[in-house]
Amino acid sequence: MVDIVVLGATGYTGRLIAQYLTTHPQRSSFTFGLAARSQSALEKVLKGLNLSKDDVPAYIMDVTNSSDVVAVVQQAKVVINTIGPYWRWGTSVVRACVHYGKHYVDLTGEVHWIKDIIFELDYAAVKSGSIVVPCCGLDSVPSDILAFIANKTLKSFGGPSTTIDLSTSAWKLGGASISGGTFSTILTALEDVPKRKLLAIRQNFALSPVEGTHSAPPRMLYTLPHSDRPVYGAWYFMAITNSQVVQRSWGLYELARRLNHHNATAVAPFSYGPNFKYEEFVILPSALYAMVYSIVFAAIAALLVYFQPARRLARRIMPGPGEGPSEKQLQSGSVKITNITTSSPNSQGEKIVVRSIFRGRGDPGYFLSSIMISECALALVLDGAILPQISTGGGILTPMTAFGDVLVERLRRSGHVDIESELLVGTEARKTR
């Protein structure tokens, strides 16, 4: 029995996770194992990390074989699943984790699949005490964190009854490109997933247990309010996933507030409020650039959706699953996300405005994602006693409802992520941590 098992450990991201866990400052406090389909590939990973099977157990597992999946899941307290597309290969792993009361984290961005596992397994996870947290990488940890800490900062200055009106995140990605795995997942969704499921996830609050105030529909041009200089951008292609995860966090907090109305002080600090809206975009050099980008992006998306030859061509020229950047590219990448969150007006019509920033050093989609998901798993193993109360009952959760401040502090201590939040309008400007 180990604390953590990494499924897909011979893939590009799986290897990064194994490396991160091997060199983690708390390495003496936890155990982990690696699982993959190929024994020779597993042995190569272990050799590359200067590990033996005595140090880190290796498990042979074919994700298409349910017996293999069950056998490996039973060997760990927490499962890190890197094997996608999750629409094809993820459900059996989550089922096994829920059945045996194991905890689970993954790197999916597939909202249609998350919606399905919520419908099938959320209640069962609560009954077994299994904490299941999809989207524990670049999709959608930063977005979820920014809404979470902005809410905390608003309330620290405006009081516990302060609620959010609009939260906007502007992404600036350095040296990042779409990964082979992500692109393969997109094409799989276009070709294999029923269209009705893809249409359903375009609706606001598709993953939330509670219906909220709808955000504005996607548009050609975005701006970041309350900026020192104009900030323009276009729709970010992962906004569908990130927004749905943030909205599920809102919905889980809102449901907890409604169910605990007799003890409002316990849940009020987490509630974003009934008018909460969230949106995000990718920063571009100018308004004109953003509009041209939006038109070109929409044209490419239409080709991929409606024309199979376009998808075949894309498979040839885009990176394949398992391919990733060089070591130099891993270290030179970056991400900076600036979030502006505005409160609903108080009785005098006044609003509070908060700016929160998430900075990551390293390739966002691979290097930083491997850190994020590893710290999520370690939170489950080492910090169970201080996790948010909402997570203790199990269920299909989000990064913030499952981990809250524990994950924020873990990422700060990693040395690769900075997270800060400060007041801009409403009282004297001041930073919080």
- Dipole of the chain, positive end: most advanced residue of Tyr272, Ala124, Gly181 [Cβ charges, Cα centre]: Gly181
- Note on the structure: PRE zone check, label point 7 Å out along Cα-to-Cβ of Phe237, amide N under 20 Å, scope the range 137-160, hits 137-143
- Query: Roughly how many nanometres apart are two label points built 7 Å out from the Cα toward the Cβ at Asn260 and Lys44?
  - Reply: 4.9 nm
- Can you tell me the dipole magnitude for the range 98-162 around its Cα centre, using point charges on the Cβ only (Lys, Arg +1; Asp, Glu -1), in Debye to the nearest 20? 360 debye
- Could you give the dipole magnitude of the range 26-136 about its Cα centre, charging the beta-carbon of Lys and Arg +1 and that of Asp and Glu -1, in debye to the nearest 20? 180 debye
- Message: Run the simple label-point estimate for Ala71 and Thr223 please: 7 Å along Cα→C-beta, distance reported in nm.
- Response: 6.2 nm
- Here the tail fraction of P(r) beyond 12 Å, over all Cα-Cα pairs of the range 210-252, rounds in percent to 69 percent
- What is the spin-label model distance, in nm, from Asp405 to Arg27 if the labels are put 7 Å beyond Cα along the C-beta direction? 3.1 nm
- Query: With a ≥ b ≥ c the root eigenvalues of the C-alpha gyration tensor of the range 131-272, is it rounded (a/c under 1.5), prolate (a/b larger than b/c) or oblate?
  - Reply: oblate
- Globularity index of the chain, i.e. its alpha-carbon radius of gyration over 2.2 N^0.38 Å: 0.95
- Message: Can you give me the % of accessible surface on the chain that is carbon or sulfur? Probe 1.4 Å, all protein chains present, nothing else counted.
- Response: 55 percent
- By the C-alpha gyration tensor axes a ≥ b ≥ c (rounded if a/c is under 1.5, else prolate when a/b exceeds b/c, else oblate), the shape of the range 216-287 is prolate
- Message: If I take every Cα pair under 8 Å that is 6 or more residues apart in the range 178-334, average their sequence separation and divide by the length, what percent do I get for the relative contact order?
- Response: 34 percent
- Taking Cα atoms, the helix 39-48 axis meets the longest principal axis of the chain at an angle in degrees (rounded to 10) of 70 degrees
- Task: Counting only heavy atoms of the protein chains, get the accessible area per residue of the range 270-309 (1.4 Å probe) and round it to a whole Å² value.
- Result: 56 Å²
- Calculated from backbone phi, Karplus (6.51, -1.76, 1.60) coupling profile of the range 116-131 in Hz, x at Gly/Pro: 5, 6, 4, 4, 7, 10, 4, 5, 5, 5, 4, 5, 8, x, 7, 9
- Note on the structure: The relative contact order of the chain, taking Cα pairs under 8 Å that sit 6 or more residues apart, comes to a percentage of 21 percent
- Size of charge dipole - the chain - debye, nearest 20, with Cβ of Lys, Arg +1 and Asp, Glu -1, no other charges: 440 debye
- Message: Less than 18 Å apart at the alpha-carbon level, and either on another chain or at least 8 residues along: which lysines does that give for Lys53?
- Response: Lys44
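Mean residue ellipticity at 222 nm from the helices of the chain, using -39,500 (n - 2.57) per DSSP H segment of n ≥ 4 over the full residue count, to the nearest 500 deg cm²/dmol? Don't skip to the answer; put the middle values down first.
Numbers: 17 runs with 186 residues, N = 433.
Value at 222 nm, helices only: -13000 deg cm²/dmol.
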- Given charges at Cβ of Lys, Arg, Asp, Glu: the chain dipole, positive-most of Phe237, Gly251, Ser414: Phe237
- Note on the structure: Residues other than Thr401 with Cβ under 10 Å of its Cβ, Lys/Arg counted +1 and Asp/Glu -1, net out at 0
- Task: Pick out, from Phe281, Phe297, Pro309, the residue whose Cα sits farthest towards the positive end of the charge dipole of the range 280-333, with +1 on the Cβ of Lys and Arg and -1 on the Cβ of Asp and Glu.
- Result: Pro309
- So what are the radius of gyration and Dmax for the Cα set of the range 278-410, in Å? 20.3, 59
- Query: All other residues with a Cβ under 11 Å from the Cβ of Ile4 taken together, and with Lys, Arg as +1 and Asp, Glu as -1, what is their net charge?
  - Reply: +1
- Note the full-extension length gain between Leu382 and Ser52 as 0.36 nm times their separation in residues minus their Cα-Cα distance, in nm to one decimal. 116.4 nm
- Normalised convex hull volume, the range 51-149, alpha-carbon set, Å³ per residue: 126 Å³
- Query: Ordered by residue, what ³J(HN,Hα) values in Hz, to whole numbers, does the range 96-109 give under the Karplus form 6.51 cos²θ - 1.76 cosθ + 1.60, where θ = phi - 60° and Gly and Pro are x?
  - Reply: 5, 4, 5, 4, 9, x, 8, 8, 8, 9, 8, 10, 5, x
- Query: Under a straight-distance cross-link criterion of Cα-Cα below 28 Å, which lysines are reachable from Lys351, leaving out those fewer than 8 residues away in the same chain?
  - Reply: Lys152, Lys155, Lys172, Lys277, Lys336, Lys431
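The values are calculated or read from the model by the stated rules, or taken from the named source; none is laboratory data. If you're wondering where the values come from, they're calculated on a predicted model, not measured in any experiment. Counting neighbours? That spans all protein chains shown, and the Cβs are built from the backbone with ideal geometry, glycine included. Quick note on the areas: whole protein, heavy atoms, side chains included, nothing else; ligands and nucleic acids left out. Shrake-Rupley method; radii C 1.70, N 1.55, O 1.52, S 1.80 Å.
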